[in-house]
Amino acid sequence: MSDVTAVVSAEAQELGDGRTLSNRELLRALMRKPQFVLCSLLLLAFFTMAAVPKLFTSADPRFCELGKSRQGRGPGHPFGFDIQGCDYFANVVYGARPSVLVSICASFGVFVLAGSFGLLAGYFPGFIDALISRTADVLFSIPGLVVLIVILNSVPNRSIWIIVGVILLIGWPGGMRLMRATVFSVRNREYVLAARSIGVPPLRILRKHVFPNAMAPLLAMTTLGIGGMVGLEAALTFLGVGLQPPSISWGSQFGVAASYRDTPHLFIWPALFISTMTISFMIIGDSIRDALDPKLMR
């Protein structure tokens, strides 16, 4: 027994050192990619804009002068004015917060749910696997956007957290399937079998050995999906089932712009910000996926 314990301890130490070295190599590989650095800086700007919008504008987004309705850019108003005569630059800046919160919180929640359910389904074949997998199959069989619209349309007061919660409800099955498949390939490796043989509790094995070695594909998939969350929030608000006034968001600005096609700046600026944020997330996700690919690492 002491020999087995020593083997497991040595292997665990080796795995721990490997993960630390791998993280450093991953960071170095990412920092060598100019597109990753540029997109990270853009996202940092968006996060700062969402957290502290007053750093970017001193204008009140709700101070309006109807006499300036739909006017173009002017001194101190680089984006012009909206239909109520409010400063449009301030509206776009303050509209960053819902998009950032929904995309980050929903993606993180999906990662946690998909990772947890995938770990349990992959490590405990039988009843637990069947229960989780069949539940995921049911959710897979229902059109996700339709479910979002139906549920959100029945909620009288829609906040950011309600939208995040509904996205989590239907968003975890895809990541769970990926995590489950990865856990299947990890659960019978030597270090996991050795840990079982000396009586290490299953939850500790999952936390210390299985999850760190199975999370990379799900992490890359989640990072790629954050950009889609930005567009989803805008689409839901545009369809009238997202955030409600007086909340300011890029999606609500899209909805207003659709009725005033002769005023292009109402559409161009929120579209530019949404596209930039979405593309930045996707490029970062691509970079992380490529860096985590063992074939590319070699």
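The values are calculated or read from the model by the stated rules, or taken from the named source; none is laboratory data. None of these values were measured; they are calculated from a predicted model. Neighbour counts are summed over all protein chains in view; Cβ atoms, including those assigned to glycine, are modelled from backbone coordinates with ideal geometry. With ligands, DNA and RNA removed, areas are computed over all heavy atoms of the protein, side chains included. Shrake-Rupley method; radii C 1.70, N 1.55, O 1.52, S 1.80 Å.
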**Prompt:** Gain in length, residue 261 to residue 24, computed as 0.36 nm per residue apart minus the alpha-carbon separation, to one decimal in nm?
**Reply:** 80.3 nm
**Message:** Probe of 1.4 angstrom, ligands and nucleic acids ignored: what's the accessible area per residue over the chain, in square angstrom?
**Reply:** 52 Å²
**Request:** Using only protein heavy atoms and a 1.4 Å probe, report how much of residue 86 is accessible, in Å² to the nearest 10.
**Result:** 0 Å²
**Fill in**
Longest principal axis of the chain (C-alpha) makes with the long axis of helix 127-140 (C-alpha) an angle, in degrees to the nearest 10, of 20 degrees
**Prompt:** Given a Förster radius of 30 Å and the C-beta distance between residue 129 and residue 219 as r, what FRET efficiency does 1/(1 + (r/R0)^6) yield to the nearest 0.05?
**Reply:** 0.85
**Asked** Which whole-number percentage describes the relative contact order of the chain, with Cα contacts under 8 Å and a sequence gap of 6 or more?
**Response** 23 percent
**Message:** Starting from 0.36 nm per residue, how many nanometres of slack lie between residue 193 and residue 58 once their C-alpha separation is accounted for?
**Reply:** 42.6 nm
**Prompt:** Taking the chain as a whole, which cysteines find no other cysteine Cβ under 4.7 angstrom from their Cβ?
**Reply:** 39, 105
**Degrees, to the nearest 10: 144-153 long Cα axis against longest axis of the chain** = 60 degrees
**Asked** At a 1.4 Å probe radius, carbon and sulfur cover how many percent of the accessible area of the stretch 73-214?
**Response** 69 percent
**Message:** Tell me the mean residue ellipticity at 222 nm calculated for the chain from its helices only (DSSP H runs of n ≥ 4, each -39500 (n - 2.57), averaged over every residue, nearest 500).
**Reply:** -23000 deg cm²/dmol
**Request:** Report P(r) for the stretch 142-185: all Cα-Cα distances, bin width 10 Å, range 0 to the bin holding the largest distance, values in whole percent.
**Result:** 25, 42, 21, 11, 1
**Complete:** Measuring from its Cα centre, the chain shows a charge dipole (+1 at each Lys and Arg Cβ, -1 at each Asp and Glu Cβ) which, in debye to the nearest 20, is 180 debye
**Fill in**
Taking Cα atoms, the helix 160-171 axis meets the longest principal axis of the chain at an angle in degrees (rounded to 10) of 40 degrees
**Complete:** Once normalised by the length of the stretch 93-211, the mean sequence separation of its alpha carbon contacts under 8 Å that are 6 or more apart gives a contact order in percent of 38 percent
**Convex hull of Cα atoms in the stretch 152-216, direction-averaged projection (nm²)** = 6.0 nm²
**Item:** Relative packing of 165-174, 179-188, which averages over residues the other C-beta atoms within 10 Å, highest first
**Value:** 165-174, 179-188
**Fill in**
Excluding ligands, DNA and RNA, the carbon-plus-sulfur percentage of the accessible area of the stretch 229-273 with a 1.4 Å probe reads 69 percent
